[in-house]
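Below: the structure, in structure tokens.
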Amino acid sequence: MTAKLIKGTEIREEILGEIEEEVKKIKAEHGKVPGLVTILIGENPASMSYVTLKIKTATRLGFKEIQDSQPVDISEEDLLALIDKYNNDDSINGILVQLPLPKHIDDKKILNAIDPDKDVDGFHPINVGRLMIGGDEVKFPPCTPAGIQEMIIRAGVETSGAETVVVGRSNIVGKPIANMMLQKGPGANSTVTVVHTRTKDMDVHCKRADILIVAAGVPGLVKPEWIKPGACVIDVGVNRVGEKISEKTGKKIAILRGDVDFDAAKEIAGSITPVPGGVGPMTITMLMVNTLKSLKFQMGIA
Ligand code: GUN
């Protein structure tokens with residue numbers, strides 16, 4: 001069997017097209033556009049490239065976009081003051097502080113200072129709590145899990161009553177996606193198992209999965225014999241395993257590998273996400289969805 005490919009690059013274009021239309025309509029009818037600020041501390045190359053992509057995407061959609069770059073030695077106090085400024089700016093609907101932060105800054109303190117109603121990353125404890133309750137309580141689901149769920153829905157995979165196994169228990173992916181898949185509602189209603197580094201016989205659990213979501217950060221962890229024939233496999237792993245020269249640009253680029261042995265797995269799974277081009281493009285897409293939603297909440301039209 002060759003699995004159907006669930007391509008994040010294609011789903012991204014569908015969703016961005018939908019957002020673009022809605023932004024135009026809101027602008028024409030109400031004269032408002034979503035406002036996003038990305039705060040980047042220092043010059044970490046990976047962070048700089050993520051932020052550049054976020055800005056490019058927001059700009060393409062007609063958002064107001066502010067890139068606020070700060071020196072690596074900014075004090076915690078000054079960063080808190082900056083967040084406070086954007087918390088009180090009505091033209092800003094989303095505040096994103098790019099992680100990781102320098103060691104002298106307490107990231108919990110920073111994330112907790114963002115107004116939960118502008119927390120488009122969905123990392124504030126209030127939004128984590130809202131996600132846990134589910135249903136109408138949820139304002140901003142975290143972007144990578146939201147992207148995973150959206151891909152599963154748009155690929156037409158049946159989730160209700162399905163055995164969903166999540167590999168990994170991080171706060172950013174594993175824990176929230178496990179919680180989302182067990183809620184009532186579309187793209188959910190699953191029976192969820194979470195496996196992690198202390199799990200005995202991880203393969204036994206994975207083999208039962210109708211939907212296998214892998215976010216372990218270990219290249220090639222999931223072997224083809226761990227996959228149930230016909231399962232939907234979502235590979236969240238983006239592991240840099242080397243470098244190569246891009247044929248397109250002639251520049252050095254990272255060689256990326258997922259957490260799943262893709263070439264073998266695609267012969268067994270029913271559907272599977274590639275790496276790159278799978279879950280990766282969905283994270284920024286869902287950040288845009290959350291920022292538009294935030295404007296709609298502010299306007300009382302969500
Ligand atoms: N660093 C890597 N991924 C993310 C993300 O989704 N949000 C933020 N704020 N920082 C990140």
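The values are calculated or read from the model by the stated rules, or taken from the named source; none is laboratory data. In this text the structure is predicted, and so the values were computed from the model without any measurement. Every residue, glycine among them, receives a Cβ derived from its backbone with ideal geometry; neighbour counts consider all protein chains shown. What goes into the accessible areas is simple: the full protein's heavy atoms, side chains included, and nothing from ligands, DNA or RNA. Shrake-Rupley method; radii C 1.70, N 1.55, O 1.52, S 1.80 Å.
So here's what we get for this one:
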read-out: Index of the failed condition, S47 passing every other in (1) without any contact (Cβ under 8 Å) to a residue 60 or more places away in the chain; (2) more than 16 Å from the ligand (Cβ to nearest atom); (3) closer than 15 Å to I284 by Cβ; value: (2)
read-out: Residues of segment 178-219 classified as on the phi < 0 side of the Ramachandran plot and either small (G, A, S) or free of Cβ contacts under 8 Å to residues at least 40 places away in the same chain (or both), total; value: 23
read-out: Flag for G278 being at pLDDT 95 or above, buried (at least 22 other Cβ atoms within 10 Å of the Cβ) and not in a helix (DSSP H, G or I); value: yes
read-out: Qualifying residue in segment 232-242 (condition: farther than 18 Å from K7 by Cα and among the basic types (K, R)); value: yes
read-out: Residue among I74, I83 that is more than 23 Å from I19 (Cα to Cα) and either assigned to a helix (DSSP H, G or I) or within 13 Å of the ligand (Cβ to nearest atom) (or both); value: I83
read-out: Odd one out for M288, checked against (1) under 27 Å from Q98 (Cα atoms); (2) away from the ligand (no atom under 16 Å from the Cβ); value: (2)
read-out: Output for segment 33-65, where each listed residue is surrounded by fewer than 19 Cβ atoms within 10 Å (Cβ to Cβ), not charged (D, E, K, R) and not in a helix (DSSP H, G or I); value: G42, N44, G62
read-out: Hits in segment 240-267 (condition: in contact with a strand residue (DSSP E or B) (Cβ under 6 Å, 6 or more places away or on another chain), in a loop (DSSP other than H, G, I, E, B) and either of a type in the set (A, V, I, L, M, F, W, C) or crowded, with 19+ Cβ neighbours inside 10 Å (or both)); value: G258, D259, K266
read-out: Pairs where the first residue, in segment 1-21, is assigned to a helix (DSSP H, G or I) and the second is open to solvent by less than 100 Å² (accessible area, probe 1.4 Å) and basic (K, R), C-beta under 6 Å, 6+ apart; value: I11/R154
read-out: Pair list, Cβ under 8 Å, 6 or more apart: segment 90-113 residue within 9 Å of the ligand (Cβ to nearest atom), other residue assigned to a helix (DSSP H, G or I) and basic (K, R); value: L96/K54
read-out: Criterion violated by K175 - all others in (1) under 12 Å from V192 (Cβ atoms); (2) away from the ligand (no atom under 15 Å from the Cβ) satisfied; value: (2)
